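Undergrad: Input: one structure, supplied below.
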Amino acid sequence: MKKRWVFVLLCLIGALLVGACSSAKTDGGSAPGIAEDGTIVAADASRKVVYWVSVSMESEDVQKISEELIEECNDLGGYVQEQSQSGGKSGYSQISLVLRIPTEKLDGFMDSMEQTGAIYSKQITAQDITTQYIDAEAYKAALEEQKARLSELLTQTEASASEQVQIISEIAQVDTELQKIQLQLTQYDSQINNSTVRIRIFRDTVDVGTIVGCCLLSAYCIGMLIVVIVLAVRLKKKGAASNRGKESKNDLSE
């Protein structure tokens with residue numbers, strides 16, 4: 001009887017867990033978006049929105065622009081997630097940045113960036129994850145309630161040793177799920193509170209000395225080719241004239 005009672009209670013808790021998650025799905029409020037001028041449309045306070053920004057900038061001083069943007073990011077309370085640099089002898093240079101900017105200060109950062117350098121391209125993407133966030137919160141609450149009921153059940157004096165082992169195992173499984181869902185909520189909060197801004201700053205110029213050197217090399221090669229062709233033509237004409245002279249001598253001797 002005791003084992004059956006424990007089993008029934010666990011089934012009821014499981015049903016409560018599923019019901020809580022199902023009833024949590026709601027889609028109230030208006031979804032945010034991007035205005036025609038590229039600014040972020042203010043979201044309802046109840047919405048959970050993630051923003052991604054991708055920008056390409058062209059500048060003669062790639063390093064300076066990069067330093068200014070990083071300084072602005074730090075001043076706003078953001079941080080640098082990634083940074084890389086590439087370039088070559090041709091004069092091409094590029095710095096790539098991935099910045100995390102507090103979402104409430106994202107518009108201000110975008111305005112500052114447009115004043116810092118020439119924007120080559122810009123893209124802003126918004127994703128409303130309100131439903132996913134509410135589901136995760138409901139699942140966490142149901143897990144916490146399930147753990148509380150199991151803990152209460154464990155303290156029952158009439159529970160046998162085998163029943164206690166089973167309940168402890170259930171609590172461990174619930175703890176594992178709680179850790180997973182808490183990690184997911186933490187990731188959601190990070191994405192919501194700090195927008196991701198990817199910036200590519202490049203300089204697409206070629207060194208003048210390199211251009212002059214290439215032109216001189218091309219002119220030299222063309223000149224040498226012309227000389228070879230002229231010499232070949234002269235040698236061919238000289239050979240033809242020599243052959244005609246030999247043929248004339250042969251005719252006279254005959």
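Laboratory data are not the source of any read-out in this text; all were calculated from the coordinates shown. This is a predicted model, so every value here is computed, not measured. Methodologically, a virtual Cβ is constructed for each residue, glycine included, from the backbone with ideal geometry; neighbour enumeration extends over all protein chains shown.
Undergrad: For a quick protection proxy, order the peptides 225-237, 139-151, 67-79 by their average other-Cβ count within 10 Å, most packed first.
TA: Listed from highest to lowest mean packing, they are 139-151, 67-79, 225-237.
Undergrad: Which cross-chain or sequence-distant (5 or more) residues have an amide H under 5 Å from the amide H of residue 159, H modelled 1.01 Å from N in plane?
TA: Amide H to amide H, under 5 Å and 5 or more residues apart or across chains, residue 159 pairs with nothing.
Undergrad: Fully extended, how many nm does the chain gain between residue 127 and residue 92 (0.36 nm per residue separation, minus their Cα-Cα distance)?
TA: 9.1 nm
Undergrad: Still on this structure, I have one more. Report, in debye and to the nearest 20, how large the dipole of the stretch 57-124 comes out about its Cα centre when Lys and Arg carry +1 and Asp and Glu carry -1 on their Cβ.
TA: Magnitude of the dipole: close to 320 debye.
Undergrad: Put +1 on the Cβ of each Lys and Arg and -1 on the Cβ of each Asp and Glu in the stretch 95-179; which of 133, 166, 153 then has its Cα farthest toward the positive end of the dipole?
TA: In the stretch 95-179, that residue is 133.
Undergrad: Find how much the distance from residue 175 to residue 222 grows on full extension, using 0.36 nm per residue of separation minus their present alpha carbon separation; answer in nm with one decimal.
TA: Roughly 9.1 nm would be gained on extension.
Undergrad: Right, another one. Name the residues whose placed amide hydrogens come within less than 5 Å of the amide hydrogen of residue 81, ignoring near sequence neighbours (fewer than 5 apart) on the same chain.
TA: The list, which skips near neighbours in sequence, is 98, 99, 100.
Undergrad: Please state, as a whole number in µm²/s, the translational diffusion coefficient that the Stokes-Einstein equation yields for the stretch 140-208 at 20 °C and 1.002 mPa s, with Rh defined as the Kirkwood radius across alpha carbon pairs.
TA: The Stokes-Einstein estimate is 134 µm²/s.
Undergrad: Compute from the Cα atoms of the stretch 80-165 the Rg and the Dmax, the latter being the longest Cα-Cα distance, and quote both in angstrom.
TA: Gyration radius and largest Cα-Cα distance of the stretch 80-165: 26.4, 82 Å.
Undergrad: In debye to the nearest 20, how big a dipole does the stretch 123-211 give about its Cα centre with +1 on each Lys and Arg Cβ and -1 on each Asp and Glu Cβ?
TA: 520 debye
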